[in-house]
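The values are calculated or read from the model by the stated rules, or taken from the named source; none is laboratory data. Quantities reported herein were computed from a predicted structural model and do not represent experimental measurements. Virtual Cβ from ideal backbone geometry, glycine too; neighbours counted across all protein chains shown. Surface areas here come from the heavy atoms of the whole protein model, side chains and all, with no ligands, DNA or RNA. Shrake-Rupley method; radii C 1.70, N 1.55, O 1.52, S 1.80 Å.
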Amino acid sequence: MIINGTKIAKAIAEDIKEKILKCKNRPNLSVILVGNNPASLIYIRMKEKACERVGIDFKVQHFNEEEKEGTILNEIDKLNQDDRVNGILVQMPLPKQISNKKVIERIDPEKDVDGFHPINVGKMLIGDDSGFLSCTPLGIKTLLIKSNIKVESKHVVILGRSNIVGKPLAAILMQKKPHCNATVTVCHSYSKNLKEITRSADILVAAIGKPKFVTQDMVKDNTIVIDVGINYLKQTDGTTKILGDVDFENVSKIASQITPVPKGVGPMTVVSLLQNTYMSFKRKNEK
Ligand code: NDP
């Protein structure tokens with residue numbers, strides 16, 4: 001069965017829209033974009049459209065590639081102090097003169113809707129729900145819940161240990177909480193006997209950034225496969241094809257459920273950003 005991430009994300013967005021319609025004010029998400037990375041421009045446009053659809057005010061400040069780090073940090077300070085702003089997002093990657101670490105740590109953790117600030121990462125690790133979970137792992141958790149996939153007591157194998165996908169997803173799914181309680185194995189480029197590990201998975205998550213890396217022989221029958229990868233491949237006719245990290249055509253023949261790329265995890269990441277922004281807005285109004 002193919003899991004339709006777009007459909008699940010749409011239903012969640014609809015629910016957020018209805019809740020916002022009942023509010024006096026609209027939530028605000030403020031975004032800082034530096035440079036013209038083509039993928040970043042696409043992502044920003046997608047986030048903007050998603051916000052517009054549910055009634056979240058979306059404001060982008062676009063700086064040129066050579067902008068100084070100080071300017072960006074000052075801008076974050078202004079957004080931190082602005083009461084109308086509920087969420088702050090700095091689109092990655094940043095040009096090399098700007099430190100990712102300084103930028104992430106400058107954002108007020110209460111407005112850090114990407115969930116990258118060390119305070120939010122720490123809260124996630126200790127299972128404190130007062131922070132923000134980063135959007136892709138939150139989206140995957142939601143996708144599993146909405147698809148009635150139980151992770152409790154299951155062996156979840158995650159390929160990839162990045163700070164934005166693999167590590168936080170492992171931390172979330174191993175929590176002693178409802179919809180968690182999984183036994184998690186995280187693999188990376190130093191892992192040995194990968195096939196043996198992936199074949200022992202009940203749920204296999206691929207987040208490594210290599211097209212069709214997960215082949216059919218790496219997956220045992222009836223595994224649930226979540227493909228996080230987004231790989232842009234130029235075709236001979238000049239067009240670009242988007243491929244996941246999983247050889248979908250062959251793995252889908254044996255997986256019990258599988259997410260496609262596109263229309264799988266991607267829309268769930270975007271809708272999680274809307275959820276986090278709405279949650280920040282609500283928390284502020286309830287203070
Ligand atoms: P990173 O490049 O930050 O991390 C990749 C991870 O894969 C690393 O931990 C790396 O290991 C591991 N890896 C690489 N090669 C191998 C290998 N041969 N065997 C085992 N592990 C390997 O990627 P991200 O986590 O940022 O992204 C992963 C993919 O997910 C990308 O395609 C990205 O575009 C996509 N993505 C999709 C999102 C969505 O919303 N759908 C959101 C975010 C990302 P090591 O640590 O040892 O280097």
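Please verify whether segment 128-144 includes one or more residues that are more than 11 Å from the chain's Cα centre (by Cα), away from the ligand (no atom under 16 Å from the Cβ), open to solvent by 20 Å² or more (accessible area, probe 1.4 Å) and in contact (Cβ under 8 Å) with a residue 24 or more places away in the chain. Checking segment 128-144: not a single residue is more than 11 Å from the chain's Cα centre (by Cα), away from the ligand (no atom under 16 Å from the Cβ), open to solvent by 20 Å² or more (accessible area, probe 1.4 Å) and in contact (Cβ under 8 Å) with a residue 24 or more places away in the chain.
Just one residue in the set LEU41, LEU73, LEU94 is in contact with a Lys or Arg (Cβ under 7 Å, 6 or more places away or on another chain) and either part of a helix (DSSP H, G or I) or farther than 21 Å from LEU138 by Cβ (or both); that residue is LEU73.
Against the conditions (1) open to solvent by 40 Å² or more (accessible area, probe 1.4 Å); (2) of a type outside the set (Val, Ile, Thr); (3) under 26 Å from THR136 (Cβ atoms), CYS51 satisfies every one except (1).
Restrict the check to segment 151-162 and report whether at least one residue is within 16 Å of the ligand (Cβ to nearest atom), open to solvent by 20 Å² or more (accessible area, probe 1.4 Å) and modelled with pLDDT of 95 or more. The answer is yes; a qualifying residue exists.
Results for (1) away from the ligand (no atom under 16 Å from the Cβ); (2) hydrophobic (A, V, I, L, M, F, W, C); (3) surrounded by 15 or more Cβ atoms within 10 Å (Cβ to Cβ), shown as yes or no for each residue.
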residue	(1), (2), (3)
SER252	yes, no, yes
SER256	yes, no, no
PRO260	no, no, yes
MET279	yes, yes, yes
ARG283	yes, no, no
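Residues of segment 208-247 that are within 14 Å of the ligand (Cβ to nearest atom), closer than 17 Å to VAL186 by Cα and not in a strand (DSSP E or B): ILE208, GLY209, LYS210, PHE213, MET218, VAL228, GLY229, ASP245. So for segment 25-46 (the condition being open to solvent by 70 Å² or more (accessible area, probe 1.4 Å), more than 22 Å from the chain's Cα centre (by Cα) and farther than 17 Å from VAL270 by Cβ), does at least one residue qualify? The answer is yes; a qualifying residue exists.
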